[in-house]
Amino acid sequence: MSTFKRNYETVMSEIDSVLSYVNSKEVENFITLFEHIKKVNPTSKIVVAGAGRMGYAAKGFAMRLGHMGYNVWMLGDSTVPHIGEEDILVVASGSGNTQTIYDISKRAYDNGASICLITNNPDSRIGRLASRVIRLPNGSNKDSDERSSQQPMTTLNEQCLAILLDTIVLGIMNKTGETHDTMWNRHSNLE
């Protein structure tokens with residue numbers, strides 16, 4: 001067997017071993033929130049936050065929310081608006097305790113925004129602020145005794161987050177009637 005094939009099978013097997021433990025009710029609860037916004041309060045603002053490679057995966061989710069017509073920003077963009085009641089901060093944090101992300105979450109919470117967290121640690125500081133949590137089991141955290149990964153550092157977490165968020169996009173599309181064509185019409189035409 002080639003090195004590529006062996007590594008490919010390892011990566012795919014590890015991703016499956018983590019995502020198979022995600023609670024589908026937590027995911028549906030998350031999707032329902034976006035369905036509600038689309039139908040009831042389409043002017044709600046959504047800010048997406050995450051640090052490091054978790055932030056890169058979250059940025060892809062923010063982009064797709066924009067393609068579905070939501071008012072969405074990625075934390076760090078210079079145009080991030082004031083958020084408050086009826087608005088949402090979506091947070092991706094493996095530990096749920098990253099200081100900078102916690103500080104931002106606390107500020108959003110104090111301003112009345114809802115916090116939606118994807119984490120390995122629902123009982124974390126950010127988890128205690130969140131109205132919705134999806135537990136993404138941790139397969140690569142150095143402090144975890146759960147499933148181990150052959151991939152370096154937190155690579156498995158970031159891969160699983162990206163795939164989880166893409167499945168959430170499909171769920172939102174299904175609930176809101178969005179399609180490839182409706183989303184493509186919102187894609188940037190400045191490329």
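For residue 106, the aspartates and glutamates whose Cα comes closer than 20 Å to its Cα, not counting residues fewer than 8 places off in the same chain, are 77, 85, 86, 87, 123.
A cut-off under 13 angstrom between Cβ atoms defines the neighbours of residue 117, and their net charge, with Lys, Arg +1 and Asp, Glu -1, is +3. Across the chain, Cα pairs under 8 Å and at least six residues apart give a relative contact order of 25 percent.
By counting other Cβ atoms within 10 Å of each Cβ, how are 68, 153, 1, 54 ranked from fewest to most?
Working: 68 19, 153 13, 1 6, 54 25.
With the fewest neighbours first, 68, 153, 1, 54 line up as 1, 153, 68, 54.
When the chain is treated as a Gaussian network with alpha carbon springs shorter than 10 Å, the biggest mean-square fluctuation among 59, 175, 39 belongs to 39. One entry in (i) 34, 26, 12; (ii) 40, 18, 15; (iii) 27, 21, 15 is semi-axes √(5λ) of the Cα gyration tensor in Å calculated from the shown coordinates; its label is (iii).
Relative to the longest principal axis of the Cα atoms of the chain, helix 24-40 runs at roughly 20 degrees. Each of 26, 178 was scored by other Cβ atoms within 10 Å of its Cβ. Listed from fewest to most, they are 26, 178. Relative to the dominant Cα principal axis of the chain, helix 155-176 is inclined by about 40°. Charged neighbours of residue 159, selected by a Cβ distance under 12 Å, balance to -3 (K, R count +1; D, E count -1). The helix-based estimate of mean residue ellipticity at 222 nm for the chain, built from -39,500 (n - 2.57) per DSSP H run of four or more residues and divided by its residue count, is -15500 deg cm²/dmol to the nearest 500.
Coordinate-derived values only; no laboratory data. If you're wondering where the values come from, they're calculated on a predicted model, not measured in any experiment. When we count neighbours, we look across all protein chains shown, and the Cβ atoms used for this are built from the backbone with ideal geometry, even at glycine.
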